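Taking it in order: structure first as structure tokens, then the write-up.
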Amino acid sequence: MASDEEEEEYGYFYDDDDAEEDAAAGLEQAAAPPPERRADYWAITQESLPTAQKEDLSTVMNLLNVKQHQARALLIHHRWRMDGVYDRLDKGRERMLRDAGIVLQENNIMAAAGSTMPWRIMHCNVCFEDIPMGVVLTMDCGHCFCNDCWTQHFYAAVESGKKQIRCMEAKCPAFCDEDHVRRLLGRKYPEMAKRFNRFLLESYLEDNDSVKWCPSAPNCGRAIRVGTGERYCEVECPCSLSFCFNCMAHAHSPCPCTIWEKWNAKRTEGENIKWILANTKSCPKCFKAIEKNGGCNLVRCNCGQCMCWLCGGGTGLDHTWTSIAGHSCNRYKEETRGKTADSSREQMQRYKHYYDRFKIHGDSYGVEKQKLGPTLLERVRLLEADLKRPLTIRDGDWLIRAHRRLLVSRQVLSRSYAFAYYMFGGELRTRPCGRAGLAVARNLFEDQQEQLEQHVERLSELLAGADAAAMPEAEIVQAKQKAVTLVKTVERLCGEMYKCIQDELLALLVEPMTIAAYRPDGPDKAEELTA
């Protein structure tokens, strides 16, 4: 049983009667995971790529009653954004297709009649030969040329890397039918026909704002598709890599992409700054860092200023090995900073403050994932193997869920210090009307950060000591209740911090920034799209 002090620390009182009641009930309701929702993210492989592409093509073909190559041209024009197609559809079907360079065959009498009169003779304006209509190809736009000229036109276009081939007629914006391109190339240049098919598939990835390759290294070969309008989101690939879909960096919420990029660039300086602070002192005149590698305590800067190495104060040149003329620093004096204070060293001290906390929580995440995780799995296995205990007691899922929440909240805490370094450092431009509210929002953020830090450490301590397999049943129920309470508190604080960052702090900036939504279990995992 926990002591009264421990119960007060977690903010609730838990007696033996409660333990017996919860043991009977199993705490299923309190510890139940949130209901699962259908994934909005899909992992696309080389095998499932045609299926993914066909879904969008079929939607547009049925919506507008157009051919496949016309639907593809329209989607590429809108970068495969279905919401863009729906928005332009409000202005009229004909205008939308015309703006995308799409010409319907139904509007061209010659194109429709070309296949019904094969006995006619037609003059090809490319090779200047008279060709029977049976070996002439007419596109949707009504322009017709002989098959040999079309074939060479298709070959040259594919060889230059084009996936959308326009009509040969000068200034004609119409796109050629993909089936015609495949058929003619397949007769004379089968390898080029395969290359054209590959271009069409790759267009779904290269020209699609909703699909991006997983940035894993080595690459897992999957592309991730997200829902329309979900640019600022974080997703977990089936290869287990979590990344930001907007900037393609590792998941970094609640830190916006712009700030995270700045922080990563500056992190390379972290160890250098710590070394400078530990091994150098600033000249009191020019504020340059000075390293002492021997000699007495009087140091002379390149600018000519002499200083005492013990206190960093300016001195004259007269000195002996044991003393400096007119200078004494054995008595402690309260430091007063004026306009001559070393601002560069203060900036390094400020960076060290945030960097140390960023790294501490990052290191804790590593330990809790690599060491605590396997330990908890083994404890759960032993607990569930003890058939003498009631089924509700043997259920160890609460440990696994609490551990997952712990890892996510550790990452949130670590990244929140990267955000705070830039948000409150004066480097980001704030709106003139919002400067007064920055101090209030900062206090709110730092209070939430402090509370989250305390509860995360409590949850970590609880899980580290929760050897459920060796506990009596009453203690298991009590530990379970504490874990459930802490998990709920941590989730609430994380959610409030995300809301404060997005609604209170980022709203004050001149440059608009957005963060991914908070997910208690971390980024949603993409589902494999079946071929």
> Can you pull the accessible area of D140 for me, 1.4 Å probe, Å² to the nearest 10?
Replying inline: 10 Å²
> Given R₀ = 41 Å, FRET efficiency for R231-Q370 by Cβ-Cβ distance, to 0.05?
Replying inline: 0.80
>> Using the Karplus curve 6.51 cos²θ - 1.76 cosθ + 1.60 with θ = phi - 60°, what ³J(HN,Hα) values do you get for each residue of the stretch 65-80, in whole Hz, with x for Gly and Pro?
In response: 6, 10, 6, 5, 5, 6, 5, 5, 4, 5, 5, 5, 4, 9, 6, 6
>> Sort H123, H327 by heavy-atom solvent-accessible area, probe 1.4 angstrom, most to least.
In response: H123, H327
> Over the stretch 129-189, what relative contact order in percent results from Cα pairs under 8 Å that are six or more residues apart?
Replying inline: 30 percent
> Which cross-chain or sequence-distant (5 or more) residues have an amide H under 5 Å from the amide H of I131, H modelled 1.01 Å from N in plane?
Replying inline: M122, H123, C124
> With a ≥ b ≥ c the root eigenvalues of the C-alpha gyration tensor of the stretch 129-189, is it rounded (a/c under 1.5), prolate (a/b larger than b/c) or oblate?
Replying inline: oblate
> Got a number for the accessible area of C257? Probe 1.4 Å, square angstrom, nearest 10.
Replying inline: 20 Å²
>> Quick one: 3J(HN,Hα) in Hz for the stretch 178-183, Karplus 6.51/-1.76/1.60 with θ = phi - 60°, rounded, Gly and Pro as x.
In response: 4, 5, 5, 5, 4, 5
> Which whole-number value in Å² is the accessible area per residue of the stretch 129-189, probe 1.4 Å?
Replying inline: 47 Å²
> Arranged from highest to lowest average of other beta-carbon atoms within 10 Å per residue, in what order do the peptides 345-355, 365-375 appear?
Replying inline: 345-355, 365-375
> Counting only protein heavy atoms and using a 1.4 Å probe, what share of the accessible area of the stretch 365-513 belongs to carbon plus sulfur, as a whole percent?
Replying inline: 52 percent
>> Let me check something: with ligands and nucleic acids excluded, how do M139, M248 order by accessible area (1.4 Å probe), largest to smallest?
In response: M248, M139
> Which listed residue (C149, P132, Q164) has the Cα farthest towards the positive end of the charge dipole for the stretch 129-189, taking +1 on Lys and Arg C-beta and -1 on Asp and Glu C-beta about the Cα centre?
Replying inline: Q164
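The values are calculated or read from the model by the stated rules, or taken from the named source; none is laboratory data. Just so you know, these numbers come straight off a predicted model, no measurement behind them. Ideal geometry is used to build each Cβ from the backbone, glycine not excepted, and the neighbour counts take in all protein chains shown. Remember, those area values only see protein heavy atoms, side chains included, never the ligands or the DNA or RNA. Shrake-Rupley method; radii C 1.70, N 1.55, O 1.52, S 1.80 Å.
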